[in-house]
1. Just to be sure before I move on: is L25 surrounded by fewer than 16 Cβ atoms within 10 Å (Cβ to Cβ) and touching a residue at least 40 places away in the same chain (Cβ under 8 Å) in the structure I sent?
2. Select, from R27, R16, R53, the only residue that is at pLDDT 90 or above and under 24 Å from the mean Cα position of the chain (by Cα).
3. Inside the stretch 294-383, counting only helices (runs of 4 or more DSSP H) that do not spill past its ends, which hold 2 or more residues that are modelled with pLDDT under 60 and of a type in the set (D, E, K, R)?
4. Among the residues of the stretch 154-176, are any of a type in the set (A, V, I, L, M), closer than 30 Å to E334 by Cβ, in a loop (DSSP other than H, G, I, E, B) and at pLDDT below 85?
5. Just to check your reading of the model, which residue among T216, T199, T224, T193 is closer than 30 Å to A144 by Cα, over 17 Å from the mean Cα position of the chain (by Cα), assigned by TED's automatic domain parsing to the domain that holds F330 and at pLDDT 90 or above?
6. Does R99 satisfy the condition of being at pLDDT 85 or above and either of a type in the set (K, R) or assigned by TED's automatic domain parsing to the domain that holds F223 (or both)?
7. Counting only residues that are of a type in the set (F, W, Y) and more than 10 Å from the chain's Cα centre (by Cα), which one in the stretch 315-344 is surrounded by the most Cβ atoms within 10 Å (Cβ to Cβ)?
8. Please go through the stretch 278-314 and give me each residue that is among the charged types (D, E, K, R) and surrounded by fewer than 19 Cβ atoms within 10 Å (Cβ to Cβ), ordered by number.
Amino acid sequence: MTLAMHAAPAADRKIRVVVVDDSALIRSVLKKLLETAPDIEVVGVASDPIVAREVIRSTEPDVITLDVEMPRMDGIDFLSKLMRLRPMPVVMVSTLTERGADVTLRALELGAVDFVAKPKIGVADGLKQLAEEITDKIRIAAKAQLKRLAVPVAGPAAGHASPGDAAAPQRPAVTHSLGRLSTEKIVFIGASTGGTEATKEVLVQLPPDSPAVMITQHMPPGFTKSYAARLDSLCRIRVAEARDGERVLPGHAYIAPGGMHMSVERSGANYIARVQAGEPVNRHMPSVEVLFKSAARVVGPNALGIMLTGMGADGAKAMREMRDAGSYNFAQDEASCVVFGMPAEAIKRGAVEPWQDNMLKVTSDGRKAALDVRLVAGGPEEPACKINMLVSTVAALHHRYDAAKATQLIYCELSTPKPQRQEAAAEVLGMAFSTYRRHLAVGVDLVIEQLWNWDVYGPD
């Protein structure tokens, strides 16, 4: 998978949506629902993917809503082609059935941003009740960072076995040591939009004897069971929906059932999963906040917290409580997130270790040190030090072009910009993007030295 270019709609214009569904009723209902939002407009509808191709080409939408089962071409086949050839944000509209859940998960693997669970009966009225959820997901999708599908995604039957190994993924052996290990470490994962694939990428790399993993992924009832089964077929650890009161064991991952909160409790020397109904927390059920709060209270320094891609701030406050209780926490970086919301909020609240390489944690002292460590630590002045050389160069250029009243552009990139920003910076500086990127990867000091050599600060 590689990043694909996708420009979010400008703040001063509406989000343009194309609705693709073989049901005329659903097309009409979705169109009316979406157009009640002041920042959304439906620029086209299509009854199948063949028609949709022309509608998309002529309207250039920001987001597509896509049905799964349609005539002439299945929604999944269309999505696969779309994400390879013309990637754009897609929100799936899937019937709340076991097959609908399986197909929807396949769609998320192919690059769909999110999905709406369409009720089996009373579809029109059911969608009206989901109006706020649908419009929110359209807004999120319009801002999402897309990934272009480079190669067809292997189906679940392929598994993650090593080359030449035709056997099923190795399962953890149940040994006498499980009771002792279960009291040591537990990994806690919170995720929302884009999290199904991000979580999969984490789990497929875990060995059979890894610590237990407890996962809260924002997902409605009926989908988490299929999601767990799919992960179970791909991973070397066992993956299943959590059951209330079951023991939390190494080599196992437990997914919070849709519509239920999951937490962890201690029973003697062991940990157990608690799955209970309740009120939504941060508008979600299951909620990451509920899981992470229990981790802080019960597991403390034996916990490892991971916040993955997602919209909003669910779990950020509790993740800080986990850190205060002694846990070690990570947040997914912005470049790989579909939506850099929940990880960003966790970072802002100080829930992530400060030495993690995330630019939101870089302090002003860190920025000074990137230029010259003596700006922070002090030390003797040297005529040839980096700061003095920079000042001398700027002063020389000022005097050189003073008569012409020329303007100097001094560019110093201390962050890790997205490819679009890198390209823009390279264009401003008048140098090849590949050269700029190469020097940026080496370090800020080399970039500055190259800029001096090229004398790009003056008008000539």
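1. yes
2. Exactly one of R27, R16, R53 is at pLDDT 90 or above and under 24 Å from the mean Cα position of the chain (by Cα), namely R16.
3. 364-371
4. So far as the stretch 154-176 goes, yes, one or more of its residues are of a type in the set (A, V, I, L, M), closer than 30 Å to E334 by Cβ, in a loop (DSSP other than H, G, I, E, B) and at pLDDT below 85.
5. Among T216, T199, T224, T193, only T224 is closer than 30 Å to A144 by Cα, over 17 Å from the mean Cα position of the chain (by Cα), assigned by TED's automatic domain parsing to the domain that holds F330 and at pLDDT 90 or above.
6. When the stated conditions are applied, R99 does not pass them.
7. Restricting to residues being of a type in the set (F, W, Y) and more than 10 Å from the chain's Cα centre (by Cα), the top hit is F330.
8. E279, R283, R297, listed by residue number.
The values are calculated or read from the model by the stated rules, or taken from the named source; none is laboratory data. Keep in mind that what you see is a predicted model, and the values were worked out from it rather than measured. Note: ideal-geometry Cβ built from the backbone for every residue, glycine included; neighbour counts use all protein chains shown.
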